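In what follows, a structure is listed as structure tokens, so that the remarks can point back to it.
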Amino acid sequence: MYSLLFAAFQEKGELQAENDRLSWPDDRPILVFDSWGEVPHDDPRARFLEVTEYCKEREYWERGVFIQNCGKGDAYEVEVFPIELADSVKTRQAYVARIDKESKGFAFISMDQQNNVKFSDDCEVWELPKIMRQIEERLNAARVKQRSLVVEIGVRYRGANSAWYMSYCWMEYRREQDKIIFHHMNHGKFGSQKPELPLPEA
């Protein structure tokens with residue numbers, strides 16, 4: 001009886017190891033949020049205002065986040081979840097078809113103006129650092145100790161083996177630098193099941 005029980009546990013362990021190897025392979029994609037900035041001018045998706053007699057250079061107004069693929073596998077169907085900046089204030093979901101291994105991609109991040117509450121007279125759509133600064137000022141107005149605005153940002157994506165992954169971290173607005181920074185990334189595997197955005201707490 002004990003030998004059968006031991007054999008069953010051993011078989012279960014081997015199956016789990018094989019499952020881990022298939023869903024968490026060495027050649028998997030590993031996405032990391034790199035920086036916030038202007039859309040690369042050579043990106044075929046970039047829109048711009050053409051040069052005029054008053055403006056001597058093309059003007060690019062769209063902004064977003066650069067995502068580094070540090071893994072040894074290509075990432076497909078890359079989706080950045082909406083970023084909850086405050087109650088009823090969030091960004092739109094962003095999509096990138098593919099980010100090749102050991103390369104960098106760009107995801108457009110804009111405010112969800114259609115569903116957001118109005119918290120400012122400015123109708124900024126692409127200036128996330130400015131929006132985070134405004135929200136931080138409002139939150140700190142009711143605090144004794146001033147704190148930086150820190151929110152979660154996450155991305156889900158698929159590997160070549162059809163396994164799904166999610167990477168997420170804390171995103172912080174640094175007032176002294178007027179800059180957005182990204183903290184340590186966390187990574188999770190989901191096998192063939194596409195991970196969904198968690199429902200907000202009641």
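The values are calculated or read from the model by the stated rules, or taken from the named source; none is laboratory data. In this text the structure is predicted, and so the values were computed from the model without any measurement. Cβ: placed from backbone, ideal geometry, glycine included. Neighbour counts: every protein chain shown.
Scanning region 178-187 for residues that are in contact (Cβ under 8 Å) with a residue 24 or more places away in the chain and either among the basic types (Lys, Arg) or surrounded by 15 or more Cβ atoms within 10 Å (Cβ to Cβ) (or both), which turns out farthest from Ile99 (Cα to Cα)?
Going through the qualifying residues, I end up with Lys179.
Just to be sure I understand, how many residues within region 31-58 are among the aromatic types (Phe, Trp, Tyr), touching a strand residue (DSSP E or B) at 6+ places or on another chain (Cβ under 7 Å) and either under 18 Å from Lys179 (Cα atoms) or part of a loop (DSSP other than H, G, I, E, B) (or both)? I'd like the intermediate steps shown before the answer.
Step one: filter region 31-58 for residues among the aromatic types (Phe, Trp, Tyr), giving 33, 36, 48, 54.
Okay, now just the ones that are also touching a strand residue (DSSP E or B) at 6+ places or on another chain (Cβ under 7 Å), so 33, 36, 48.
Filter again for either under 18 Å from Lys179 (Cα atoms) or part of a loop (DSSP other than H, G, I, E, B) (or both), leaving 33, 36.
Residues in region 31-58 being among the aromatic types (Phe, Trp, Tyr), touching a strand residue (DSSP E or B) at 6+ places or on another chain (Cβ under 7 Å) and either under 18 Å from Lys179 (Cα atoms) or part of a loop (DSSP other than H, G, I, E, B) (or both): 2 in total.
For the subset of region 30-64 comprising residues that are in contact with a helix residue (DSSP H, G or I) (Cβ under 9 Å, 6 or more places away or on another chain) and not basic (Lys, Arg), which member is surrounded by the fewest Cβ atoms within 10 Å (Cβ to Cβ)? Talk me through it step by step, then tell me what you get.
Pass one, region 30-64, residues in contact with a helix residue (DSSP H, G or I) (Cβ under 9 Å, 6 or more places away or on another chain): 36, 63-64.
Now narrow it down to the ones that are not basic (Lys, Arg): 36, 64.
Numbers: Trp36: 19, Gly64: 24.
Residue satisfying both the conditions and the ranking: Trp36.
One line per residue, one yes/no per condition, for (1) surrounded by 15 or more Cβ atoms within 10 Å (Cβ to Cβ); (2) touching a residue at least 40 places away in the same chain (Cβ under 8 Å); (3) under 17 Å from Pro82 (Cα atoms); (4) not aliphatic (A, V, I, L, M):
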site: Glu137; (1), (2), (3), (4): no, no, no, yes
site: Ala141; (1), (2), (3), (4): no, no, no, no
site: Ser148; (1), (2), (3), (4): no, no, no, yes
site: Glu152; (1), (2), (3), (4): no, yes, yes, yes
site: Met166; (1), (2), (3), (4): yes, no, yes, no
site: Cys169; (1), (2), (3), (4): yes, yes, yes, yes
site: Glu176; (1), (2), (3), (4): no, no, no, yes
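In this structure, does Glu176 turn out to be among the charged types (D, E, K, R) and modelled with pLDDT of 95 or more?
No; evaluated as a whole, the condition is false for this residue.
Conditions: (1) part of a loop (DSSP other than H, G, I, E, B); (2) within 17 Å of the chain's Cα centre (by Cα). Lys118 meets all but one. Number of the miss?
(2)
For region 92-117, what are the residues that are crowded, with 20+ Cβ neighbours inside 10 Å and at pLDDT below 95?
If the condition is that a residue be crowded, with 20+ Cβ neighbours inside 10 Å and at pLDDT below 95, then Met111 is the only one that fits.
Can you find a residue that is more than 24 Å from Val78 (Cα to Cα) and either under 17 Å from the mean Cα position of the chain (by Cα) or not charged (D, E, K, R) (or both) anywhere in region 180-199?
No: zero hits.
Mind listing whichever residues of region 59-111 are part of a loop (DSSP other than H, G, I, E, B), touching a Lys or Arg at 6+ places or on another chain (Cβ under 8 Å) and not β-branched (Val, Ile, Thr)?
Trp61, Glu62, Gly71, Lys72, Gly73, Asp74, Phe81, Pro82, Lys101, Glu102, Ser110
If you scan region 190-199, which residues turn out to be touching a strand residue (DSSP E or B) at 6+ places or on another chain (Cβ under 9 Å) and free of Cβ contacts under 8 Å to residues at least 24 places away in the same chain?
Glu196
Looking at region 128-189, what strands (runs of 3 or more DSSP E) fall wholly within it and have at least 3 residues that are touching a strand residue (DSSP E or B) at 6+ places or on another chain (Cβ under 7 Å) and within 18 Å of Pro25 (Cα to Cα)? Reasoning before the result, please.
On the way: elements: 150-158, 164-174, 179-182, 186-189.
Here the list reads 150-158, 164-174, 186-189.
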